[in-house]
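Here is the structure we will look at.
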Amino acid sequence: MVELRTLATYPFLSDAKSYVTKTAPTVEDLLNDPLYERARVIGVERLDNAFHDKDVGNRSLVTKSDYIMELLSYPLARMVAVCIEDTYFKRRYALGEAVHAYRNFINESTAFLLQIAAEFSLDVLYNEDTNILKISFLDYLHYAPTRYKEWKMINREMTKGYIRISHKDLARIIQEALRSRINEELDERRCSKAVYETFSLDINRIKHSVMMHRKKIEAAPVGTLDVKKLPPCMKEILAAIQAGENVPHMGRFALVSFLHSLKLSTNDILNMFSSAPDFEEDKTRYQIEHITGSTSSTAYTPPGCDKMRTYGICPADKIDDLCKRKRHPLSYYKARWREEKKKA
């Protein structure tokens, strides 16, 4: 049996779920019994920290009671996150849990990480004699943050379908797998009336914070761009980025090059990425400046519709009549502008 301290540190593990199932109180007691007030407070704290700091936060864990309250705070936080009923917030919370786990992962042994990787069905090979780690290229493509230069396949060594990675790389891949799993699980659940009644004040407070955050982003100037006139493909990519989805490199490339062609500045483009739950200004600025030619010898042009379809980033089920008649996203946007001028 995994020790209680480990379960409290990694409450998403199957052993943690088993422990809670066997020893935890009923949901009614967990929500209302004064004995679990501390777990409820920590659960809300996880959400606040995730929203503001992108990490659910560290707490001092010394006694058995500390471990149990920390462990129980995890399912409570998830229940409340569902009741916030906001996709952006749920993505932000999932990222906060995953980032927190990663910061602990990197200090664990490789053997421990391999056990966690198995829980996510990741195909990982490890040679203890040479200390070499490898992961299936399919799992790598699914979870690796390939939007960053060091993670691109061209910069990796692959042999017989496996890509060589480091201990830290594996920790980062598991982080993404965890984030993805939490996102899916939260999306599948609906708010419980009992949870809402217990946490109504915190739920409404957090909802207000999220609303104010959105208004702040929407109020920021974005050049002369009219988001409503964006073609379906660009709307889809932008929505995915702002919701914290792991958008493929070609999707980000298409959006940045498209916005650059509309004469938006680097800061204007950066602002559109800033609402993403996993936004990192330095790395995002580097990527934008590389695509727009500010730090490279080439300013790339946005891909046309044929290439968008080839790369699987054309939302075929969401295109409209105008989109069917155009062969390039820029043509669509300009046509929408002309339509607006005629109406005026």
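The values are calculated or read from the model by the stated rules, or taken from the named source; none is laboratory data. Since this is a predicted model, take the numbers as computed values, not measurements. All Cβ positions, even for glycine, are placed from backbone atoms using ideal geometry, and neighbour counts span all protein chains on display.
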Over the range 314-333, the set of residues of a type outside the set (G, A, S) and exposed (fewer than 14 other Cβ atoms within 10 Å of the Cβ) is D317, K318, D320, D321, K324, R325, R327
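Can you tell me which residue within the range 181-220, out of those that are of a type in the set (A, V, I, L, M, F, W, C) and assigned to a loop (DSSP other than H, G, I, E, B), is nearest to L238 (Cα to Cα)? Walk me through it before giving the result.
Taking the range 181-220 and keeping what is of a type in the set (A, V, I, L, M, F, W, C), we get 182, 186, 191, 194-195, 199, 201, 203, 206, 210-212, 217, 219-220.
Then drop every residue that is not assigned to a loop (DSSP other than H, G, I, E, B), which leaves 191, 220.
Details: C191: 27, A220: 16 Å.
Once the filter is applied, the top-ranked residue is A220.
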Residue set L133, L113, L122; condition touching a strand residue (DSSP E or B) at 6+ places or on another chain (Cβ under 9 Å), among the hydrophobic types (A, V, I, L, M, F, W, C) and touching a residue at least 60 places away in the same chain (Cβ under 8 Å); output residue L113
Residue set D202, D139; condition closer than 24 Å to L95 by Cα, touching a Leu at 6+ places or on another chain (Cβ under 6 Å) and of a type in the set (D, E); output residue D139
Per the filter on the range 1-10, residues surrounded by 14 or more Cβ atoms within 10 Å (Cβ to Cβ) and of a type outside the set (S, T, N, Q) are V2, L4, R5, L7, A8, Y10
Of the listed residues (K64, K22, K17), the one being among the basic types (K, R) and in contact (Cβ under 8 Å) with a residue 24 or more places away in the chain is K64
Checked pairs for the range 323-344, first assigned by TED's automatic domain parsing to the domain that holds A254, second among the basic types (K, R) and surrounded by 14 or more Cβ atoms within 10 Å (Cβ to Cβ), C-beta under 7 Å and 6 or more apart or across chains, list as Y332/K326; Y333/K229; A335/K326; R336/K229; W337/K229
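Considering the range 11-54 alone, what residues qualify as being of a type in the set (F, W, Y) and either exposed (fewer than 13 other Cβ atoms within 10 Å of the Cβ) or under 12 Å from Y67 (Cβ atoms) (or both)? It would help to see each step written out before you state the result.
Taking the range 11-54 and keeping what is of a type in the set (F, W, Y), we get 12, 19, 36, 51.
Hit for the range 11-54 is Y19, nothing else.
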Of the conditions (1) farther than 20 Å from R189 by Cβ; (2) at pLDDT 95 or above, the single one that L4 does not satisfy is (2)
Taking the range 263-285 and keeping residues within 20 Å of T301 (Cα to Cα) and either part of a helix (DSSP H, G or I) or modelled with pLDDT under 80 (or both) leaves T266, N267, D268, I269, L270, M272, F273, T284, R285
Exactly one of K134, K228 is exposed (fewer than 14 other Cβ atoms within 10 Å of the Cβ) and not hydroxyl-bearing (S, T, Y), and that residue is K228
From the option list M79, M69, single residue qualifying as over 15 Å from I182 (Cα atoms) and crowded, with 17+ Cβ neighbours inside 10 Å is M69
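Which residue out of I116, I106, I42, I84 is in contact with a Cys (Cβ under 9 Å, 6 or more places away or on another chain) and at pLDDT 95 or above?
Within the list I116, I106, I42, I84, the selection yields I84.
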The residue that is farthest from A243 (Cα to Cα), considering only those in the range 286-322 that are in contact with a Pro (Cβ under 8 Å, 6 or more places away or on another chain) and part of a helix (DSSP H, G or I), is C305
